[in-house]
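These notes are about the structure you will find just below.
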Amino acid sequence: SRSVRIAPSILSADFARLGEEVRAVDEAGADYIHVDVMDGHFVPNLTIGPMVVKALRPHSKKIFDVHLMISPVDSFLEDFAAAGADILTVHPEAGAHTHRTVQTIKALGKKAGLSLNPGTPVEALDYLIEDLDLVLVMSVNPGFGGQSFIDSQLRKIERIRTLIDRTGKAIDLEVDGGVNVETSRQVRDAGADVLVAGSATFKGGPDAYRGNIAALRGAA
Ligand code: DX5
Ligand code: ZN
């Protein structure tokens, strides 16, 4: 079976030492660097913008998996692409024309992801899935790290696994929120390829990152 990939969310990193933190999780075995971008409008928190992504880019050659929780989103795509994002993931509620947003991301030469909030139905993928490189299932309501996994999302992950397999395309299925050594196995069994882990990666500080990532991989 496909090997699981681990994407540490730097939302749980030490923001005063963000470059070193990215370097540390890279060296500790991260597959992707998951960057949570929040605007205080689409979600109730403010985090980082394209300037920070650009500043972090030299610290790792890993895939920069940029999760855009901002609305409207279209006017920022070019800046995040130029800053060095590899994957740009948007939410369908973040603009009136999701299909166009996906095409814009691809025209910028980046991989396109679509993220579904816990209450957003699988049908939000209709007419879009064939054009996507990644589907991101939110297993918490976005805005903050350290929340509990919402079990109902396991059924959604299973359904999306089936839809992806039906396309015959290499579309990543990524899960974000409350993923830890207790939940990662179920998430994996439901069909996820990529596990986002914020608090479960960064707990215990830099000396623990390698063990934390290995534990997530092992438990999945
Ligand atoms: C939530 C973010 C997540 C978050 C995950 O809005 O999209 O990436 O950082 O944090 P944990 O892994 O602690 O639930
Ligand atoms: Zn995220």
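The values are calculated or read from the model by the stated rules, or taken from the named source; none is laboratory data. This is a predicted model, so every value here is computed, not measured. Cβ sites come from the backbone with ideal geometry, for glycine too, and all protein chains shown count toward neighbours.
Residues of segment 11-26 that are within 15 Å of ligand 1 (Cβ to nearest atom), assigned to a helix (DSSP H, G or I) and either without any contact (Cβ under 8 Å) to a residue 40 or more places away in the chain or of a type in the set (D, E, K, R) (or both): Phe15, Leu18, Glu21, Val22. Among residues of segment 172-193 that are at positive phi, those with a Cβ under 7 angstrom from a residue that is part of a helix (DSSP H, G or I), sequence gap 6+ or separate chain, pair up as Gly191/Ile157; Gly191/Glu158; Gly191/Arg161. Residue pairs whose Cβ atoms lie under 6 Å apart, separated by 6 or more positions or on different chains, with the first residue in segment 27-52 and of a type in the set (Asp, Glu) and the second assigned to a loop (DSSP other than H, G, I, E, B), are Asp36/Thr47; Asp39/Ile70. So in segment 3-22, with the set limited to residues that are over 18 Å from the mean Cα position of the chain (by Cα) and away from ligand 2 (no atom under 16 Å from the Cβ), which one is nearest to Ile87 (Cα to Cα)? So, considering only residues that are over 18 Å from the mean Cα position of the chain (by Cα) and away from ligand 2 (no atom under 16 Å from the Cβ), the one nearest to Ile87 (Cα to Cα) is Gly19.
Results for (1) away from ligand 2 (no atom under 16 Å from the Cβ); (2) of a type outside the set (Lys, Arg); (3) surrounded by 20 or more Cβ atoms within 10 Å (Cβ to Cβ), shown as yes or no for each residue.
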{"residue": "Pro121", "(1), (2), (3)": "yes, yes, no"}
{"residue": "Met138", "(1), (2), (3)": "no, yes, yes"}
{"residue": "Gly168", "(1), (2), (3)": "yes, yes, no"}
{"residue": "Leu173", "(1), (2), (3)": "no, yes, yes"}
{"residue": "Arg185", "(1), (2), (3)": "yes, no, no"}
{"residue": "Asp189", "(1), (2), (3)": "yes, yes, no"}
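In segment 167-220, the qualifying residues are those that are of a type in the set (D, E, K, R) and not in a helix (DSSP H, G or I), and the one that is farthest from Ser9 (Cα to Cα) is Lys169.
None of Leu116, Leu163, Leu128, Leu132 is in contact (Cβ under 8 Å) with a residue 24 or more places away in the chain, within 26 Å of Ala96 (Cβ to Cβ) and within 16 Å of ligand 2 (Cβ to nearest atom) except Leu116. If only residues of segment 27-82 that are over 15 Å from the mean Cα position of the chain (by Cα) and assigned to a strand (DSSP E or B) are counted, the one that is nearest to Arg100 (Cα to Cα) is Asp39. Take Asp74 and tell me if it is touching a Phe, Trp or Tyr at 6+ places or on another chain (Cβ under 6 Å), modelled with pLDDT of 95 or more and of a type in the set (Asp, Glu). Against the criterion (touching a Phe, Trp or Tyr at 6+ places or on another chain (Cβ under 6 Å), modelled with pLDDT of 95 or more and of a type in the set (Asp, Glu)), Asp74 does not qualify. Comparison of Asn141, Asn180, Asn212, Asn117 shows that the only residue that is of a type outside the set (Gly, Ala, Ser), out of contact with any helix residue (DSSP H, G or I) (no Cβ under 9 Å at 6 or more places or on another chain) and within 14 Å of ligand 1 (Cβ to nearest atom) is Asn141.
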